[in-house]
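Structure record follows, encoded as structure tokens.
The values are calculated or read from the model by the stated rules, or taken from the named source; none is laboratory data. Computed from a prediction, not measured in an experiment: that's the story for all the values here. As a convention, Cβ positions derive from the backbone with ideal geometry for all residues, glycine included, and neighbour counts pool all protein chains shown.
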Amino acid sequence: MRLSSVSCLAIASSLGLGFSLPAAAQTTGPTEELPTVSSDTIVVQGTRERGVTIGNIVPDTVLDESDIASYGVSSLAELLAEIEAETGSSRGRSGGGGPVVLLNGRRISGFREIGRYPPNAVERIEILPEEAALQYGYRADQRVINVILKKDFSTKTADFEMRGPTAGGSVETEYDLGRFVIDGTQRWNISGEYEVTPPLLESERSVTRTDSAQPYDATGNITAAMLGAEIDPALSAMAGETVTVAAVPTGVTMPGVSDFAAGANQPNETDVSDFRSLRGESEKLEVEASIARDLNDVWGVTLSGGFEYNQSQSLQGLAGVNLTVPSASPFNPFSDDISVYRYANELGALMRETDQFTGKLGLTANGRRNRWDTTITANANFSTQETETDRRVDTSSIQALLDSSDAATNPYTVSLTELQTDRAETNTTSYDATIVMTGPVLDLDAGEVRTTLTGEVTSRNLDSSDTVSGVKSDTDLSRQTYSLRSSLDFPIFYVEDEENWGFGNFNINLNGAIDDYSDFGTLYTYGYGLTWQPRKQLRVIASVTEEEGAPSIAQLGDPRQITENSRTYDYVSGETVFATVATGGNPDLQADHRRVMKIGLNFKPFEESEFSIRSDYTDNLIEDPINSIGAASAEIQAALPERFIRNDMGDLIFVDATPFNFAESQRRDIRTGLTWSKRLGASQQGGAQGGNRPSGGGGRGPRAGGRPPGGGGGMRREIPGRVRISLFHTYALEDRILIREGLDEFDLLEGSAIGSGGGQSRNQLNLRTNVFNKGVGVSLNANWEEGTEVIDINGDPSGDLSFSALTTVNLRIFLDLNQRTKLIEKYPLLKDTHVSLFSQNIFDEKREVRDGNGETPGQYQPDLIDPVGRTVGVFVRKSF
């Protein structure tokens, strides 16, 4: 029987040889108590490696201190964004679910608790498959990230960042202050961020005017009462052609037929690019704080809180006014009624202004006794959002005067005094409390049978009101949910002798959940899976989950908002139009039912090399999935005609984009990743040791593998160099949607689309390269998506749209001046300074869209798809 070094120490201690077993240091929970034994008893007592996750599933990837340093980021939130390719999952309800984040192997109240932690406070990060989430009371649809902090750390930071597009325009600035301390099992932090984003207007980019079907203009144009018909035979005779639109002449108080002849079929045009935002202006203020302490030998608690305030404003063009001038009016020189189309430019741009405040309090308690871990979390969240959206001018009183042929009401110059404004307000409160208990329930020859039991109570309340076109409606929704979840792990085989693997390590998992919703009744989830490690270098995980899920109360009750002048590509006509789009909640949504099957493989072929291969096959079938319309494709319009409205001329003028239940969707894909990492040079002054944790398994004894020593707060030392390369490829085997029973399916891989960005790319690649050595680092991230096409359902090639492939490359070059000893000796002021220069989309690549005639539709102009383009910036952090 082989014993770990910790077990040998325990034996030596029990024999009275002068050794003492060190307590397992935990940042958010005290150590496990050792049993009392008689003097003639030999005890083999293992301690769990500090901060590792519970259960038998070992990480797919471990990032050590030098790996983390190679990304050159300033917070954990930024780091998680950088490693998104390695942490994403296609098992979530909406696809690409974000990961579960643990701290030192423990649950936390939420990621906001630690999102602003400095990366140099982290000893290592472990990335685990979705099945590990079951061990912590979560559903198995998110990968798991375990953040292990250093034992001791202290810093004060001041950050400044400035970034902006090379094409000019909006330059963003961000200011951050932070204080962070780890002192053994205690820690605290406080941080604040202020960010300003100026507006980016259409006039600052190469955006070609897209004509509206209705000829609005600041001076005005006239048409027949029925848009597109002949205005008057007399006017056509003067112009020598049939006239359907004419410019209102300037400087003429009461124009005659001859005054309109000069502008026959040559309407006035107003450039509205100064009145439309490509990106709105915004301000954000965010403050976060947390404190963690031990209460006694069993329990440790963390209290966290924070708030965020956002204010934003966007411009949505000019309000269009349509006035009907009867033939009897002294201002109508024609024999029939006419329509006057004007912009209310004297009232300024239509604006949408949003103010949002969010506050949060969280409490986490972690304890460990008798090999059982218990976590209790409680959260209280509050948010309020107020939105004002300018819509149109109320012309009812003016129209009444025109109908009466009032001689003082000139339709071409009448003063327009007030915009109609829609208002929406949403107040959301939520409370939740969760208790998770995990530990062994039975000892088998292959190891411990472990269970995780979770009980959760949540309360969600949404109080919203909206005023649309003067009509007010209120929504008051509440939901209480009582949940019970359990997960059971059975070790079937366990390898004691690593020289003789035999069948290998083999574990089975069973899990289930009951969720009782106050507004949806009882929904059920069950799943099962297996983990098989036939060799030390190879691990296979397979799982199946059946789950019922209710829509969120936001999806049910968000206030209805109407957006005027929204550029929309109408696939039926092949034209870009300015339509009115409705968004908000849908109270008629139903629960969905998901079946997810996954088979995952992790292979590390070379024991002496940090090279690994990971591949996951996922089959995600959903009945009654919740989705919304993102494109007015011909297929969508044919399937859901009630959600689209056209005027008498057949022009698309309204789209209902609120969510609804599709009949069914299915996506199958294979995601494969290659990761290679190599240390450059040797660590000095106690540098951290890294690498992947050995691929041990089973449920017996402590986890194998050495842990890297922590770094001291403020202690300057050289971090070992690192080169790290990862390449991930996603191949979509199937992606289809059935809108309604009895209709044809949409094949998103073969010419169908439900979003404005085209269909679904069959192939996607992500390449990440990081090099860091002696304080100098380069981080390069390249993403590629295969092109797609949307095929006209009527078989007209001119109605097809092709979306080009897209490659974007981001680059960061950074310098950790603490690693440049000679430079610091010469310029002491540079001590504890980090500088980064970065560029996103360095080649300014934008997706190209062409119709069947080779033309770019107005909505798909490159500067509308991506108005920012290439961005460059500088980041400076000073630590104290």
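Worth pointing out:
- With respect to the stated conditions, residue 269 fails to be surrounded by fewer than 18 Cβ atoms within 10 Å (Cβ to Cβ), in a strand (DSSP E or B) and touching a Lys or Arg at 6+ places or on another chain (Cβ under 8 Å).
- Close pairs from segment 644-656: first closer than 18 Å to residue 754 by Cα, partner in a loop (DSSP other than H, G, I, E, B), Cβ under 8 Å, at least 6 apart: 652/572; 652/573; 655/629; 656/629
- When residue 717 is tested against (1) modelled with pLDDT under 85; (2) among the charged types (D, E, K, R); (3) in contact with a Lys or Arg (Cβ under 7 Å, 6 or more places away or on another chain), only condition (3) is not met.
- Candidate set: segment 377-405, residues that are within 39 Å of the chain's Cα centre (by Cα) and among the small types (Gly, Ala, Ser); chosen: the one nearest to residue 437 (Cα to Cα): 378
Results for (1) outside any loop (DSSP other than H, G, I, E, B); (2) surrounded by fewer than 23 Cβ atoms within 10 Å (Cβ to Cβ); (3) touching a residue at least 24 places away in the same chain (Cβ under 8 Å), shown as yes or no for each residue.
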site	(1), (2), (3)
102	yes, no, yes
117	no, no, yes
127	yes, yes, yes
132	yes, no, yes
140	no, no, yes
146	yes, no, yes
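- Matching entry among 348, 306, 362, 320 (being loosely packed, with under 15 Cβ neighbours inside 10 Å, touching a residue at least 40 places away in the same chain (Cβ under 8 Å) and not aliphatic (A, V, I, L, M)): 348
- Taken over segment 560-578, the criterion of being farther than 18 Å from residue 636 by Cβ and of a type in the set (Lys, Arg) is satisfied by 560 alone.
- The criterion of at least 1 residues that are in contact with an Asp or Glu (Cβ under 6 Å, 6 or more places away or on another chain) is met by the following strands (runs of 3 or more DSSP E) wholly inside segment 620-683: 652-656, 664-680.
- Qualifying residue in segment 779-789 (condition: modelled with pLDDT of 95 or more, surrounded by fewer than 16 Cβ atoms within 10 Å (Cβ to Cβ) and outside any loop (DSSP other than H, G, I, E, B)): no
- Of all residues in segment 519-574, those being over 30 Å from residue 501 (Cα atoms) and not polar (S, T, N, Q) number 27.
- Pair list, Cβ < 6 Å and 6+ apart or interchain, from segment 811-829 residues that are under 18 Å from residue 879 (Cα atoms) to residues that are of a type in the set (Val, Ile, Thr): 815/776; 815/835; 817/833
- Enumeration of residues in segment 377-398 that are without any contact (Cβ under 8 Å) to a residue 60 or more places away in the chain and not in a loop (DSSP other than H, G, I, E, B): 380, 381, 382, 383, 384, 385, 386, 388, 396, 397
- Residues being under 24 Å from residue 569 (Cβ atoms) and surrounded by fewer than 16 Cβ atoms within 10 Å (Cβ to Cβ) - total across segment 211-248: 2
- Per the listing 400, 424, the residue uniquely farther than 30 Å from residue 524 by Cβ, buried (at least 18 other Cβ atoms within 10 Å of the Cβ), of a type in the set (Gly, Ala, Ser) and modelled with pLDDT of 90 or more is 424.
- Residue check, residue 454 surrounded by fewer than 18 Cβ atoms within 10 Å (Cβ to Cβ), closer than 29 Å to residue 136 by Cα, within 28 Å of the chain's Cα centre (by Cα) and among the β-branched types (Val, Ile, Thr): no
- Total residues in segment 607-625 satisfying the condition of being more than 24 Å from the chain's Cα centre (by Cα) and touching a residue at least 24 places away in the same chain (Cβ under 8 Å): the figure is 6.
- Sole residue being of a type outside the set (Val, Ile, Thr), outside any loop (DSSP other than H, G, I, E, B) and in contact with a Phe, Trp or Tyr (Cβ under 6 Å, 6 or more places away or on another chain), chosen from 510, 488, 453, 477: 510
- Only residues that are free of Cβ contacts under 8 Å to residues at least 40 places away in the same chain and over 25 Å from residue 444 (Cβ atoms) were counted across segment 477-489, and they come to 5.
- Pairs where the first residue, in segment 502-520, is within 21 Å of residue 541 (Cα to Cα) and the second is polar (S, T, N, Q) and at pLDDT below 90, C-beta under 8 Å, 6+ apart: 505/56; 507/56
Quick grid of which residues meet (1) polar (S, T, N, Q); (2) under 30 Å from residue 194 (Cβ atoms); (3) assigned to a loop (DSSP other than H, G, I, E, B):
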{"residue": "260", "(1), (2), (3)": "no, no, no"}
{"residue": "315", "(1), (2), (3)": "no, yes, no"}
{"residue": "328", "(1), (2), (3)": "no, no, yes"}
{"residue": "335", "(1), (2), (3)": "yes, no, yes"}
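- The one condition in (1) of a type in the set (Phe, Trp, Tyr); (2) farther than 22 Å from residue 747 by Cβ; (3) at pLDDT 95 or above that residue 578 fails to fulfil: (3)
- The number of residues in segment 604-628 that are modelled with pLDDT of 95 or more and aromatic (Phe, Trp, Tyr) comes to 1.
- Once segment 796-837 is narrowed to residues that are farther than 18 Å from residue 118 by Cβ and among the aromatic types (Phe, Trp, Tyr), the residue that is surrounded by the most Cβ atoms within 10 Å (Cβ to Cβ) is 803.
- Selected residue (criterion: surrounded by the most Cβ atoms within 10 Å (Cβ to Cβ)) from residues of segment 457-493 that are in contact with an Asp or Glu (Cβ under 8 Å, 6 or more places away or on another chain) and more than 28 Å from residue 383 (Cα to Cα): 491
- Where a residue in segment 844-859 is of a type in the set (A, V, I, L, M, F, W, C) and its partner, wherever it lies, is assigned to a strand (DSSP E or B) and surrounded by 15 or more Cβ atoms within 10 Å (Cβ to Cβ), with Cβ under 8 Å and at least six apart: 849/758; 849/801; 849/802; 849/803
- Here residue 339 passes the criteria (1) over 32 Å from the mean Cα position of the chain (by Cα); (2) surrounded by fewer than 19 Cβ atoms within 10 Å (Cβ to Cβ) except the one numbered (2).
- Among (1) surrounded by fewer than 18 Cβ atoms within 10 Å (Cβ to Cβ); (2) of a type in the set (A, V, I, L, M); (3) within 37 Å of the chain's Cα centre (by Cα), the one test that residue 436 misses: (1)
- Every listed requirement among (1) touching a Ser or Thr at 6+ places or on another chain (Cβ under 8 Å); (2) part of a strand (DSSP E or B) is met by residue 792 save one, (2).
- Residue match in segment 865-880 (condition: modelled with pLDDT under 90, part of a strand (DSSP E or B) and polar (S, T, N, Q)): yes
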